[in-house]
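S.K.: Below you will find the structure I want to go over with you.
Nothing in this text is a laboratory measurement; each read-out follows from the coordinates by a stated rule. As the structure is a computational prediction, the values presented were derived from the model and not from experiment. Neighbour counts run over all protein chains shown; Cβ positions are idealised from the backbone, glycine included.
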Amino acid sequence: SVVVVGSFNVDHVWRCESLPAPGATIAGRYSTGPGGKGFNQAVAACRAGADTHFVCALGDDAGGATARELAAQDGFGLIAEASSEPTGTAGIYVDARGRNTIVIGPGANAALSTDFLQQQQALLTGAKVVLVQLESPVQTIEAALATAREAGVTTVLNTAPADAPSTIGLLKLADVITPNETEFAALLGRHVGERVDANDVAALDGASLHALCRKLVGNGTVVVTLGSVGVFVSHADENLRGDTQPYYRVGAEQVQAIDTTGAGDAFNGALAASLAQVADAPFARHVRFANQFAGRSTEKEGAAAAMPRFTPADAEALR
Ligand code: ADP
């Protein structure tokens, strides 16, 4: 099974002509829906066919009730710490050009405790894959990774968002880290003093990218997601995870992308699902599946709502 530890937010979205200036009051088309990287990734893992459990913290409010309902509808387990804080929220303004301004109210997500994680020890150690992001307290994520690692469970760390507090202690607890270009540049700047512009990452040659990945994590695999370009994979020489090459690229799927929100979440959930379901396959096969799944998620509007439904076996049958 896949256990995702992370955040749930109620997203409130206003689509406006332009973003409001300080002091302005404007009108916009409103919609609301579930969000939070943890929740989105749990939906993706579940729809990619894995037996999935999502560990999070929820307030005693309508948002919390929504999370439980949606998880039940999609068919994954939700294990929530009851918080006296409100359920997480995000206020999102999107202008006519698709640019956005976002305010997050972490609420209960910031209160997910290490104690609660420790109570989920049996769940974590019984999983095939534990997947975490950086929208929860660092100590809690560390506890989840350390518990899983000790039990020989495969650990995947999605180093998102880019401005999260120090993560250096987490990197060595992960078998696989999955930054996007922005997060990769941020990690390099913060942890190994390498100044790389996020916009230049995709254009770097394979050997240079591989060398940067190796500076960041001695052991462990790095998967850099490159948006519409695809994915770059870098393994430590000691552990190629069934692959024949230490580094390589996988090109993005040819799709009609209309909304790339949550593409990274789709990728991470699907990667974890594939790692759990066909554990002995070469790593490249998991990456190809996740790349297909994430590509397809961009063909619909929304994040969790846009996740397709297909499994590694379906993908194999198509080949
Ligand atoms: P994030 O959502 O974190 O910014 P990316 O933009 O890197 O993450 O996207 C994650 C993955 O989603 C990519 O590696 C790719 O597999 C897929 N993807 C994203 N945008 C597209 C696109 N326009 N066409 C095809 N696949 C895409």
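S.K.: If one computes the Cα centroid of the range 57-91 and of the range 11-31, what distance in Å separates the two points?
M.R.: Cα centroid to Cα centroid, the span is 26 Å.
S.K.: On to the next question. Using alpha carbon centroids, what distance separates the range 107-161 and the range 228-294, in Å?
M.R.: Each part reduced to its Cα centre gives a spacing of 21 Å.
S.K.: Related question: Counting only residues 5 or more places away or on other chains, whose amide H sits under 5 Å from the amide H of residue 79 once H atoms are built in the peptide plane?
M.R.: Under 5 Å from the amide H of residue 79 lie the amide H atoms of 54, 55, 56, each far enough along the sequence or on another chain.
S.K.: What number, in percent, do you get for the relative contact order of the range 1-85 if the mean sequence gap of Cα pairs under 8 Å and at least 6 apart is divided by its residue count?
M.R.: Averaging sequence separation for qualifying contacts and normalising by length gives 33 percent for the range 1-85.
S.K.: Next up: Hey, can you rank 129-141, 214-226, 16-28 by average C-beta count inside 10 Å, highest first?
M.R.: So the order, starting with the most tightly packed, is 129-141, 214-226, 16-28.
S.K.: Report the extension gain between residue 199 and residue 31 in nm, rounded to one decimal, defined as 0.36 nm multiplied by the number of residues separating them, less their alpha carbon distance.
M.R.: 57.4 nm
S.K.: If amide hydrogens are placed 1.01 Å from N in the peptide plane, which non-local residues have theirs closer than 5 Å to the one on residue 248?
M.R.: The list, which skips near neighbours in sequence, is 233.
S.K.: Continuing with this model, one more query. Please report the relative contact order for the chain, taking Cα pairs under 8 Å with a sequence separation of at least 6, and give it as a percent rounded to a whole number.
M.R.: 18 percent
S.K.: Which of the three applies to the chain, rounded, prolate or oblate, going by the alpha-carbon gyration tensor with a ≥ b ≥ c and a/c under 1.5 meaning rounded?
M.R.: rounded
S.K.: Could you pull out every one of the aspartates and glutamates with an alpha carbon less than 19 Å from that of residue 215, ignoring same-chain neighbours closer than 8 positions?
M.R.: Within the straight-line limit of under 19 Å, residue 215 reaches these aspartates and glutamates: 175, 181, 183, 194, 197, 200, 205, 237, 238.
S.K.: State the answer as a single residue: which of 291, 173, 70 lies farthest towards the positive end of the charge dipole of the chain, with beta carbon charges of +1 for Lys and Arg and -1 for Asp and Glu, about the Cα centre.
M.R.: Checking the options against the dipole of the chain, the answer is 291.
S.K.: What are the ³J(HN,Hα) values, in whole Hz, obtained from phi via the Karplus relation 6.51 cos²θ - 1.76 cosθ + 1.60 with θ = phi - 60°, for each residue of the range 87-98 in sequence order, with x given for Gly and Pro?
M.R.: 4, x, 9, 9, x, 10, 9, 10, 8, 4, 8, x
S.K.: Ok, one more. Sorted from fewest to most neighbouring beta carbons within 10 Å, what does the list 172, 37 look like?
M.R.: Arranged by neighbour count, lowest to highest, 172, 37 become 172, 37.
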